[in-house]
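These notes concern the structure reproduced below.
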Amino acid sequence: MNDLLAWIATHQHRPPLGNEEFATVVSKLGIDLGSQLKSVYAVCNGASWMSDTKSLFRILSVEEIERARTAIYGKGSDDYGVPSVYAFFSYGDSDYVGIDIAREVDAGNPVVVDCWHESFAHDHPPPIIANNVFEFLARLHDSNSSIFWLK
């Protein structure tokens, strides 16, 4: 875990929010981010780097987290995807990775799902690409920042 957090900190990143400011932003979201995503945001409030295909990978800032269907389509209705998925990672062209707060494998940590703009509105529920945030980040690291979940 600490190695993953250190790896994130090697990329262009924003400083973390103070505890009070972080709590205020998260309370406006009205969801529990899970302990692992909270650990990421304790290190930085967003980070960005180039993938192996030269796409920009971004861990969104806490202020940018929103329902995936809103991030992708700008729409909030159930016709555009399940309401329980929140985008926290962007991999370009309105494509995101999200946490699904309705599904957990590890207690207290939501699963990580693909939020590809071509299929998100039709995937109910969207496909799980990692059991938790740390597994997602570890696989991203081990794949040399490739879009491993599409291979």
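Only the coordinates and a few stated rules stand behind these numbers; no lab work does. What you see is a predicted model, and the numbers here were worked out from it, not measured in a lab. Because the Cβ atoms are built from the backbone with ideal geometry, glycine has one as well, and the counts that use them run over all protein chains shown.
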message = Which residues among region 98-126 fall inside the zone where the amide N is under 13 Å from a point 7 Å beyond the Cα of Lys75, along Cα→Cβ?
response = 118-123
request  = Report the residue, chosen from Ile31, Ile101, Ile129, that carries the largest GNM mean-square fluctuation when the chain is represented by alpha-carbon nodes joined by springs under 10 Å.
outcome  = Ile31
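Treat every Asp and Glu Cβ in the chain as -1 and every Lys and Arg Cβ as +1, leave all other atoms uncharged, and give the resulting dipole magnitude about the Cα centre to the nearest 20 debye. Numbers along the way, then the final one.
Details: 11 positive and 20 negative charges, 44 e Å.
Rounded to the nearest 20 debye, it is 220 debye.
Give me the orientation-averaged projected area of the Cα convex hull of region 2-150, in nm², one decimal. Could you put the intermediate results ahead of the total?
Working: hull surface 32.6 nm².
About 8.1 nm², averaged over all directions.
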Label point distance in nm, Ser35-Asp93, each placed 7 Å from Cα along Cα→Cβ = 3.9
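Once the piece of chain linking Glu21 and Arg139 is laid out straight, how much longer is it, given 0.36 nm per residue of separation minus the C-alpha distance between them?
Numbers: separation 118, 0.36 × 118 = 42.48 nm, distance 3.02 nm.
39.5 nm is the gain from fully extending Glu21 to Arg139.
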note = For the Ile101, Gln12 Cβ pair and Förster radius 25 Å, calculated FRET efficiency rounded to 0.05 is 0.35
inquiry  = Give me the one-decimal nm value for the distance between modelled label points at Ser119 and Asn131, 7 Å along each residue's Cα-to-Cβ direction.
reply    = 2.3
